[in-house]
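In what follows, a single structure is set out as structure tokens and then discussed.
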Amino acid sequence: MQSFSSEELLEFIDQSPTCFHVVQTLKNILDTQGFEQLQESGEWVLKNGGKYYVTRNQSSIIAFCVPDTFDGFHIMASHSDSPGFKIKEIPELVSEKKYTRLNVEGYGGMLMSTWFDRPLSVAGRILVREGSEIRTRLVKVGRDLLMIPSLAIHMNRGVNEGYKYNVQKDLLPLYGDADAAGTFMDVIAEEAGVDAGNILGHDLFLYPRVRGSIWGKDRCYISSPRLDDLQCVFASLKGLISVSSCSQIPMIAVMDNEEVGSTTKQGAASDFLKETVLRICRERGINETERSRMMASSFMISADNAQAAHPNYMEKSDAVNRPFMNEGIVIKYNANQRYTSDGVSSAVFKMLCEKAEVPYQVYVNRSDIAGGSTLGNISETQISMNTVDIGLAQLAMHSVYETAGARDTEYLVKAAKAFFESSIKCREDGVYTIR
């Protein structure tokens with residue numbers, strides 16, 4: 001029986017318009033489940049049966065449970081960021097003393113055309129001076145504030161034959177008339193309840209105001225902003241908080257900046273995950289030799305959504321290795337290791353799916369079309385273990401409004417729970433036991 005509704009997933013996404021809000025939403029849920037926050041800058045005291053989380057940059061979070069005894073880590077990794085538009089430091093542009101626009105730049109590889117002609121607003125964080133301190137405030141302007149208007153077809157007759165968008169020219173959002181000039185940071189300050197003169201820095205993004213929907217015959221599809229990768233984030237969280245018993249440390253790692261390469265202090269290429277694992281081991285009195293032995297039997301699931309076969313473009317998918325929505329978790333492969341899945345990790349994951357009684361399918365891109373990549377192989381440069389890249393099938397990846405299967409989230413929740421409650425042992429190189 002499903003432990004949540006699709007409406008709950010869509011509400012989770014609606015509360016999480018930026019990576020900072022994703023982490024805050026996760027913290028709020030983890031707090032209600034008895035998890036205790038740790039600080040990277042503070043001392044850690046880990047108790048048997050304890051549940052903990054730690055954040056970095058307020059945009060990445062790692063949560064885990066500590067069983068009485070353990071001999072490995074079961075980690076499920078996903079990412080908090082999504083492609084979109086970031087507001088520049090000096091945010092306003094005035095045109096012909098008639099229009100005030102916002103000055104933005106692209107973040108990640110979005111489908112730009114999908115951002116036109118829909119209500120938008122602004123969310124993110126601001127850094128505020130409070131006496132001798134600088135404090136962070138999250139901001140979400142909860143009203144229709146902006147629009148990126150299309151150019152009329154009469155002025156661009158060839159637009160339907162293909163057009164190359166220029167962010168600096170075509171995608172600057174309209175904020176107001178000339179009277180709006182000089183007021184944008186005042187709007188942000190009012191939303192946060194601070195004086196605009198005390199705002200020393202900001203990381204602000206556009207976000208679409210349209211809410212997620214459930215649609216299709218028998219309500220079989222869901223559409224929403226940021227399904228990539230908040231669908232996997234949500235499923236990993238649900239799997240973690242449903243764990244009843246475990247012999248390995250169950251852990252979720254939600255990392256920022258996957259969409260721009262992960263090479264930041266809070267991305268998968270950073271030492272955040274590695275340092276968290278090391279601190280847990282040190283706190284529990286595990287020496288380096290024991291930790292090396294444990295890592296040989298540890299396992300990571302890199303969870304990031306996969307491209308479903310498109311009904312109008314079936315020829316864009318591989319002839320046989322093509323996933324479909326609502327048909328199970330997707331195992332992703334690439335010969336050049338843009339995905340980490342190999343024979344070992346995929347075999348282990350298939351057994352976990354069988355244990356959880358959920359279906360799985362496979363994705364390999366056409367050999368003449370370059371595919372994407374994700375955080376699994378990047379995180380392996382910091383902390384090595386057997387890792388499988390998986391996701392849920394979706395359409396319109398990196399659109400402002402994406403589509404996925406309504407049933408697939410539950411499959412991943414069940415697989416995550418089975419993973420966290422299982423024991424994976426490396427008996428010798430090439431021999432593994434899964435219970």
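Only the coordinates and a few stated rules stand behind these numbers; no lab work does. None of these values were measured; they are calculated from a predicted model. Every residue, glycine as well, gets a Cβ built from its backbone with ideal geometry; the counts of neighbours run over all protein chains shown.
Which three lengths, in whole Å and largest first, does segment 289-358 cover when its Cα atoms are put on their principal axes?
Projected onto the principal axes, the Cα atoms of segment 289-358 cover 54, 31, 18 Å.
Pop the C-beta distance of Glu275 and Ile214 into the FRET formula with R0 = 41 Å and round what comes out to the nearest 0.05.
Working: r = 40 Å, r/R0 = 0.98.
With R0 = 41 Å, the Cβ-Cβ based efficiency is 0.55.
Quick check: residue separation of Leu93 and Glu190 times 0.36 nm, minus the Cα distance between them. What number comes out in nm?
Gain on stretching Leu93 to Glu190: 32.8 nm.
If R0 is 41 Å, what FRET efficiency do you get for Met147 and Ser41 from their C-beta distance, rounded to 0.05? Present the calculation step by step, with values, prior to reporting the outcome.
Working: r = 42 Å, r/R0 = 1.02.
Once the sixth-power term is evaluated, E becomes 0.45.
If you wrap a convex hull around the alpha carbons of segment 179-227, what volume per residue comes out, as a whole number of Å³? Walk me through the numbers before you get to the answer.
On the way: hull volume 5.5 nm³, N = 49.
In segment 179-227, the Cα hull volume divided by residue count equals 113 Å³.
Using a ≥ b ≥ c from the Cα gyration tensor of segment 60-118 (square roots of the eigenvalues), is it rounded, prolate or oblate, where a/c under 1.5 gives rounded and otherwise the larger of a/b and b/c decides, a/b for prolate?
On the way: a/c = 5.59, a/b = 3.23, b/c = 1.73.
Because a/c hits 1.5 or more and a/b exceeds b/c, segment 60-118 counts as prolate.
Full extension from Lys169 to Glu428: what is 0.36 nm times the residue separation minus their Cα-Cα distance, to one decimal in nm?
87.4 nm
What would the Debye formula give as log10 I(q)/I(0) at q = 0.31 Å⁻¹ for the alpha-carbon point model of segment 36-83, no solvent?
Debye output, listed in q order: -1.26.
May I have the pair-distance distribution P(r) for segment 307-435, computed from all Cα-Cα distances with 5 Å bins from 0 and rounded to whole percent?
2, 10, 19, 21, 21, 15, 8, 3, 1, 0
Report, in listed order, any pair from Lys27/Lys414; Lys51/Lys332; Lys265/Lys414 with a Cα-Cα distance greater than 24 Å.
Details: Lys27/Lys414 22 Å; Lys51/Lys332 31 Å; Lys265/Lys414 32 Å.
Listed pairs above 24 Å: Lys51/Lys332; Lys265/Lys414.
Take peptides 353-363, 166-176, 232-242 and line them up by average Cβ neighbours within 10 Å, highest first, as a rough protection proxy.
Numbers: 353-363: 18.1, 166-176: 15.6, 232-242: 24.9.
So the peptides 353-363, 166-176, 232-242, ranked by packing, come out 232-242, 353-363, 166-176.
Percent of Cα-Cα pairs more than 20 Å apart in segment 195-303, please. Present the calculation step by step, with values, prior to reporting the outcome.
On the way: 3683 of 5886 pairs.
Taking all Cα-Cα pairs of segment 195-303, the fraction more than 20 Å apart is 63 percent.
Starting with the highest mean, order 77-83, 219-225 by the number of other Cβ atoms within 10 Å, averaged over the residues of each peptide. Please list the in-between numbers first.
Working: 77-83: 26.9, 219-225: 19.9.
Descending packing order for the listed peptides: 77-83, 219-225.
Hey, with R₀ at 30 Å, roughly what FRET efficiency would Leu200 and Gln15 work out to, going by the Cβ-Cβ distance, to 0.05?
On the way: r = 26 Å, r/R0 = 0.88.
FRET efficiency, Leu200 to Gln15: 0.70.
Taking every alpha carbon pair in segment 84-208, what does the distance histogram look like in 10 angstrom bins from 0, in percent?
Bin by bin from 0 Å, the calculated values are 12, 41, 31, 11, 3, 1.
Consider a paramagnetic label point 7 Å from the Cα of Arg118 along Cα→Cβ; state which residues of segment 204-240 have an amide N under 11 Å from it.
207-213, 223-227
Bin width 20 Å, alpha-carbon pairs only: give the P(r) of the chain as whole percents, running from 0 to the bin holding the largest distance.
With 20 Å bins starting at 0, P(r) equals 25, 55, 19, 1.
Through the Karplus equation 6.51 cos²θ - 1.76 cosθ + 1.60, θ set to phi - 60°, convert the phi angles of segment 240-245 into ³J(HN,Hα) values in whole Hz; use x for Gly and Pro.
Along segment 240-245, the couplings run 5, 6, 9, 5, 9, 7 Hz.
Please compute the modelled spin-label separation between Asp71 and Arg293, points set 7 Å along Cα→Cβ, answer in nm with one decimal.
0.8 nm
Mind listing the phi-derived Karplus ³J(HN,Hα) values for segment 275-292, rounded to whole Hz, using 6.51, -1.76 and 1.60 with θ = phi - 60°, and x for any glycine or proline?
5, 5, 4, 4, 5, 4, 5, 5, 4, 8, x, 8, 7, 5, 5, 5, 5, 4
Quick check for segment 84-208: number of Lys pairs with alpha-carbon distance under 19 Å, counting only pairs 8 or more apart or on different chains?
Details: Lys86/Lys140; Lys86/Lys169; Lys88/Lys140; Lys88/Lys169; Lys97/Lys169; Lys98/Lys169.
Taking the Cα cut-off of 19 Å, the pair count is 6.
Around Met76, which amide H atoms from residues at least 5 apart in sequence, or from another chain, sit under 5 Å from its own amide H, with H modelled in the peptide plane?
Residues meeting the amide H criterion: Met251, Ile252, Ala253, Ile301.
Among Phe64, Phe116, Phe70, which comes first, then next, by fewest other beta-carbon atoms within 10 Å?
On the way: Phe64 25, Phe116 16, Phe70 19.
In order of increasing Cβ crowding within 10 Å: Phe116, Phe70, Phe64.
Straight-line reach from Lys425: which lysines have a Cα under 20 Å away, not including same-chain ones fewer than 8 places off?
Result set, ordered by chain and number: Lys350, Lys355, Lys417.
Per 0.36 nm of contour for each residue apart, how much would the distance between Lys316 and Asp177 grow if the chain were fully extended, relative to their Cα-Cα spacing?
On the way: separation 139, 0.36 × 139 = 50.04 nm, distance 4.39 nm.
Length gained, Lys316 through Asp177: 45.6 nm.
Of Pro149, Val159, Leu93, which is farthest on the positive side of the dipole of segment 84-208, counting Cα position, with +1 on Lys and Arg Cβ, -1 on Asp and Glu Cβ, and the Cα centre as origin?
Working it through, the farthest residue towards the positive pole turns out to be Val159.
With axes computed from alpha carbons, what is the tilt in degrees of helix 19-32 against the longest principal axis of the chain, rounded to the nearest 10 within 0 to 90?
Once rounded, one gets 50 degrees.
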